[in-house]
Every structure is written in structure tokens, then in C-alpha cells.
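What follows draws every value from the coordinates through simple rules; no lab data is involved. The model shown is predicted, which means the values in this text are computed figures rather than measured ones. Every residue, glycine among them, receives a Cβ derived from its backbone with ideal geometry; neighbour counts consider all protein chains shown.
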Protein chains: 2
Amino acid sequence: MAEPATNSGQALLFLTDEQLRKGIEAMFFAYRGFTADPDRILGDMAYGRAHHRALHFIHRSPGTTVNNLLSILGVTKQSLNRVLRSLITDGLVASRVGRQDKRERHLHLTDKGSALERALSDAQRDRMRSAYRAAGPVAVAGFRHVLEAMMDDDMRRQYEALKDRPA
Amino acid sequence: MAEPATNSGQALLFLTDEQLRKGIEAMFFAYRGFTADPDRILGDMAYGRAHHRALHFIHRSPGTTVNNLLSILGVTKQSLNRVLRSLITDGLVASRVGRQDKRERHLHLTDKGSALERALSDAQRDRMRSAYRAAGPVAVAGFRHVLEAMMDDDMRRQYEALKDRPA
DNA sequence: CTTGGAATGTCAACAAGGCTGACGTATCTT
DNA sequence: AAGATACGTCAGCCTTGTTGACATTCCAAG
């Protein structure tokens, strides 16, 4: 076949609309699986996915401020506040006034909060682990690579900022 | 190398909790990017992500029944019905009584519906394409492999069933 | 032919979790 | 002293999910 010089024959077949559509559908179905296990645990309680996200990132960055959490989660402060308020009221999250800047609130998980966070992330990690194991290390590297390329620039910045901190 | 037969030293480092956590966060941020462009388009209208999903799968499988769509989307018929009703009322989707089984409704996109579906999927595919291009074909294969391993069995069945049909 | 079950549609009520806008307070910064 | 920042909160709205109840229409089995 008379192909253009730059990209020949088979080389770009992975960029066909059909391949892209399959990728889109894979994201859709996989994301359902991704959230299914935590959702099941949360379903029994008065909490939802929003609470899970808050717990995750507070666990991830203990002492984070409300504003920081806001920009990571990408929601309004009113939305986050509703979630945070219930977590604080129920004793899962502690909010401490900043020492340097007293306007800030620094967020930490309590023992109770840590316990729930662990239950949720264990469930999610179990699925992730078996998917990783089934796919193998090369596939996992590709998986991460594509996901990172799919993020908006500012999301990627948030993600990178979290990336290599101690857990 | 003196490796145990099954798995050894370095071999399983991609299965550490830290690696799994990074994968979880990558899914979270990437999914936001994944939906951002269609969401932006939909934001201007009276439609949301649920409408996008319905349009996508009706486009994908023209003539599909309500029940079939229900099981693909994984929502209740009441939820889907609300979305479908507005799409039908607004003339984006046509609902035809089944010829063999007249209880069934077969769903098709109208020209207007096709136009919106195309606008949405073009936006989503553009992002997907640039992510794919940036990551390369090997990474893409890994990406798909991990996502497929992450699905629930019944979701994977739905996905596989769609997989190789003509567009 | 009647009856049971399947597929669909619809009404009502409710909840989670997004959003905007407005306002208040405490605290920094200039 | 004035303005900006961080946070909380009230009120109201939207989308999208849920359950429960009920009607209709049709197929298929007895």
C-alpha cells in the first residue's frame, strides 16, 4: 500500500476510532469495578464515595488544609464541607487550627477514621492487585502511562505532587 | 539469576501497596480527565453524563432494547427512563415498538441525536487519541489489559459482547 | 382461553452529592 | 486601618441514583 512516509502500515492502527472507542468503553466498565468494592462497604453506612475520597486524601497527606483538599478533589467548598462536617461530627476526622496560620484547619484521621480508610482501601487495593497480577508489570507500566497522559495538566500536577511523598 | 520459580526479588515490586495506591490515584485523576470534555459540552445543555452514556450505547448498538441498555448501564429502569424520556421528547432518540416482541422498545438515534453523540465522542476520542499517541502502542495494550482485569465478571461479559461488533 | 410472568412505562418520594450565591468571622498581610 | 485569605454555613437548585407501587401489553404454557 502507498503509505505516507511518517507513519506506515500497521504502526498507527492502535489510533483508529474503533480502538479509541474500545478504550473509552474499557474506562467506563473498569471504573465501575474500581469503585464497586468500596461502594459496597459504604452502602451499609451513611457514607458515600465522596466520604471515601476525603478519607483517602487525608490519609495520604495528613495535616492537609481544607483548601488543599478542595483543589485535589475538584469540588466546591460547600460540597466538601458537607462531607467533612459529617466525618468530623462522627469522629473520623480531626480538624486542628493551624499553628502558623490560625485561619487554616489541618485535617487528620482519628483511629476510627483510619480504620474505615483501611477497610476501604484494602478492598480497592485487593482488586487492583489482582488486576495488576493478572496483567503483569509491563502492562501495568503502560496502564499508568496512558492514565497519566489522559489527565488535565493541573490534575497531573496534583497527581505528581502526591506521587512520591511518603505514605 | 537465582530466582525462585514462581516469583522473586524484584519481580513483584509492582505489586507493593505503594504502587497500587499510585494506580488508584491515577484512576481517580484520569477518570476526571476522561469525562471532562463531554461534561463541558453537556454543561451548556439540560443534559448530563447519564445522557451521554445512553447516547453512546444506543449509537454503539442501534436497535438495542431498553432492558439491554439497562444491564449495560447498570442503573434502574426508573433512572434510565427519566433520561431516555427527555432524549425522546427532545427528538434525539427514537423508540420503536419491537416487531417480533411488541413489548420491547428498540432504540435508535435520530439525526439530531447522532449529531450530539458525535460531538461528545469526538471530544472524548480526541483526548484518548492524544493520550494513546503520547504513550505508544505497547503502553496502550497494557492499559487495556489492566482495565479488563479490573472489571467484574459480568461487566467484562457486557464489554466483550460489545467488543467486536461492527460500529 | 385463561392465566402467569416478562418487558415496559409511570408516578411519587427520597437521598447523595454536585452547583451557585450570599454572608459572617477570624486572621494575615500590606 | 484596609483588604485579602481561609473557612464555615445557610438556602436553594440540579442531576442522577434509589425503592415501592401500579398499569399495560404481550407471550407462552396450561
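Please arrange A:Phe57, A:Phe34 by how many other C-beta atoms lie within 10 Å of their C-beta, fewest to most. If you can, show how the numbers build up before the last one.
Details: A:Phe57 20, A:Phe34 23.
Final ranking by Cβ density, sparse to dense: A:Phe57, A:Phe34.
Using a 7 Å offset from Cα along the direction of the beta-carbon, what are the separations from B:Leu70 to the same position in each other copy, nm, ascending?
4.3
Which number do you get for Rg(Cα) / (2.2 N^0.38 Å) in region A:36-167?
Details: Rg = 16.0 Å, N = 132, 2.2 N^0.38 = 14.1 Å.
Computed over Cα atoms of region A:36-167, the ratio equals 1.14.
Taking a label point 7 Å out from Cα toward Cβ, give me the nm distances from A:Arg40 to the same spot in the other copies, shortest first, one decimal.
Relative to the other copies, A:Arg40 has label-point distances of 3.7 nm.
Enter the angle in degrees (range 0 to 90, nearest 10) between the Cα long axis of helix A:153-163 and the first principal axis of the Cα atoms of chain A, meaning the one along which they spread out most.
Value to nearest ten degrees: 60.
Tell me which residues come under 5 Å, amide H to amide H, from B:Glu104 once H is placed; ignore anything under 5 positions away on its chain.
Long-range HN contacts for B:Glu104: B:Gly98.
Going through the cross-link list A:Lys22/A:Lys77; B:Lys22/B:Lys112; B:Lys77/B:Lys102; A:Lys22/A:Lys112, which pairs have a Cα-Cα distance over 30 Å in this structure? Write out the running numbers ahead of the final one.
Values: A:Lys22/A:Lys77 36 Å; B:Lys22/B:Lys112 41 Å; B:Lys77/B:Lys102 18 Å; A:Lys22/A:Lys112 41 Å.
Distance filter (> 30 Å) returns A:Lys22/A:Lys77; B:Lys22/B:Lys112; A:Lys22/A:Lys112.
For each of A:Thr110, B:Thr64, count neighbouring Cβ atoms within 10 Å of the residue's Cβ, then give the residues from fewest to most.
Fewest-to-most Cβ neighbours within 10 Å comes out as A:Thr110, B:Thr64.
As an exercise, take the mean of 1/r over every pair of distinct alpha carbons in region A:33-88, invert it, and state the Kirkwood radius in angstroms.
Numbers: mean 1/r = 0.0850 Å⁻¹.
Computed over Cα pairs of region A:33-88, the Kirkwood hydrodynamic radius comes out at 11.8 Å.
Averaging over all projection directions, find the projected area of the Cα convex hull of region A:73-138 and quote it in nm² with one decimal place. Don't skip to the end; give the middle numbers.
Working: hull surface 27.8 nm².
Value for region A:73-138: 7.0 nm².
Just want to confirm a number: the relative contact order over region A:77-155, from Cα pairs under 8 angstrom separated by 6+ residues, in percent. Each step should come with its number before you reach the end.
Details: 38 pairs, mean separation 12.9, N = 79.
RCO, region A:77-155: 16 percent.
Counting only other chains, what is the mean number of Cβ atoms within 10 angstrom of the Cβ of each residue in peptide A:148-161? Mind dumping the intermediate values first?
On the way: counts 9, 13, 16, 11, 7, 1, 1, 6, 4, 1, 3, 6, 1, 0.
For this peptide, the per-residue mean of nearby foreign Cβ atoms is 6.
What Kirkwood radius, in Å to one decimal, follows from the Cα pairs of the protein assembly as shown?
Details: mean 1/r = 0.0456 Å⁻¹.
Averaging 1/r across every pair of different Cα atoms and inverting gives 21.9 Å.
Report the residue of chain B with the smallest Cβ-to-axis distance, using the rotation axis that brings B onto A, in whole Å.
B:Gly142, 1
When the Karplus curve 6.51 cos²θ - 1.76 cosθ + 1.60 is applied with θ = phi - 60°, which whole-Hz ³J(HN,Hα) does each residue of region B:13-29 get, with x for Gly and Pro?
4, 6, 9, 5, 4, 5, 5, 5, 4, 4, x, 5, 5, 4, 4, 4, 6
Averaged over B:124-131, how many beta carbons belonging to a partner chain fall within 10 Å of each residue's beta carbon? Present the calculation step by step, with values, prior to reporting the outcome.
Values: counts 5, 7, 1, 6, 12, 7, 3, 9.
For peptide B:124-131, the averaged partner shielding equals 6.
Neighbouring Cβ atoms within 10 Å as the yardstick, rank B:Phe29, A:Phe143 fewest first. Show your work: numbers first, answer last.
On the way: B:Phe29 24, A:Phe143 30.
Final ranking by Cβ density, sparse to dense: B:Phe29, A:Phe143.
Against the longest alpha carbon principal axis of chain B, how many degrees, from 0 to 90 and to the nearest 10, is the axis of helix B:49-60 turned?
Tilt relative to chain B: about 80 degrees.
Quick one: Karplus J couplings for region B:94-111, per residue in order, coefficients 6.51, -1.76, 1.60, θ = phi - 60°, nearest Hz, x for Gly and Pro?
Using θ = phi - 60°, the values come out as 9, 10, 10, 5, x, 7, 7, 10, 6, 6, 6, 10, 9, 9, 9, 7, 7, 4 Hz.
Nm distances between the label at B:Arg99 and the same-position labels in the remaining copies, 7 Å along Cα→Cβ, shortest first?
7.7
Let me check against my output: what whole-number percent is the relative contact order of chain B, with C-alpha pairs under 8 Å and at least 6 apart? Please report the intermediate quantities before stating the final value.
Working: 113 pairs, mean separation 34.5, N = 167.
Taking the mean separation of contacting Cα pairs over the length of chain B, I get 21 percent.
Taking H placed 1.01 Å from N in the peptide plane, check which residues at least 5 places from B:Ala94 or on another chain put their amide H under 5 Å from its amide H.
B:His108, B:Leu109, B:Thr110
Name the residue, out of B:His145, B:His59, B:His106, whose mean-square fluctuation peaks in a Gaussian network model built on chain B with Cα pairs under 10 Å.
Most flexible of the set in this elastic network: B:His145.
Please give me, ordered by residue number, the trypsin sites (Lys or Arg not before Pro) of region B:81-117 that lie in loop per DSSP and have at most 16 other Cβ atoms within 10 Å. Walk me through the numbers before you get to the answer.
Values: sites: B:Arg82, B:Arg85, B:Arg96, B:Arg99, B:Lys102, B:Arg103, B:Arg105, B:Lys112; in loops: B:Arg99, B:Lys102, B:Arg103.
Answer by residue number: B:Arg99, B:Lys102, B:Arg103.
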